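Inspection log for the structure reproduced underneath, given as structure tokens.
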Amino acid sequence: MDAFLPYAVLPLLLLLPLSTLYLISFMRKKGSGNKNLPPGTRGWPVLGENMELALLGQQKFVKERMEKYSPDVFQTSLLGERMAVFCGAQGNKFLFTNENKLLTSWWPKTIQKPFLFPEFVDTNLKQVSA
């Protein structure tokens, strides 16, 4: 009986931090008064919607969100970053007409550090690709 005690405590040790993170994210969502965000969900606090993207694939993931939230734009959380995903002709027009004015290209921090060389992390992508 005593041999199973550590195995009974282990799920509790995992459940407590996860439930705390979920409650914190729930309180942030409830308290945020910014109504200018696109429709969508950000998934679990740390994981975001990475698992769904990996399981469904890019096309099915985007198609389901377009049907569920909006065919033009929706918000999500991928690779530890909150982001808006633009879809359709209007989204493409907005992106390409405001490319150097309102929008900048970037790499998520979770990708910058392990996959890019240090000299590329802080430089502008235009300089790297030129």
Those residues that are surrounded by fewer than 17 Cβ atoms within 10 Å (Cβ to Cβ) and over 23 Å from SER19 (Cα atoms), I need them from region 40-67; list them, please. ALA54, LEU55, LEU56, GLY57, GLN58, GLN59, LYS60, VAL62, LYS63, GLU64, MET66, GLU67
Could you tell me which residue of region 77-93 is nearest to ARG42 (Cα to Cα), considering only residues that are charged (D, E, K, R) and under 8 Å from the mean Cα position of the chain (by Cα)? ARG82
Mind listing just one residue for me: the one in region 85-103 that is polar (S, T, N, Q) and exposed (fewer than 12 other Cβ atoms within 10 Å of the Cβ) and, of those, farthest from GLU64 (Cα to Cα)? ASN100
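Every read-out reported here was derived from the displayed coordinates using simple, explicitly stated rules and does not represent laboratory data. Computed from a predicted model, the values in this text were never measured in an experiment. Every residue, glycine as well, gets a Cβ built from its backbone with ideal geometry; the counts of neighbours run over all protein chains shown.
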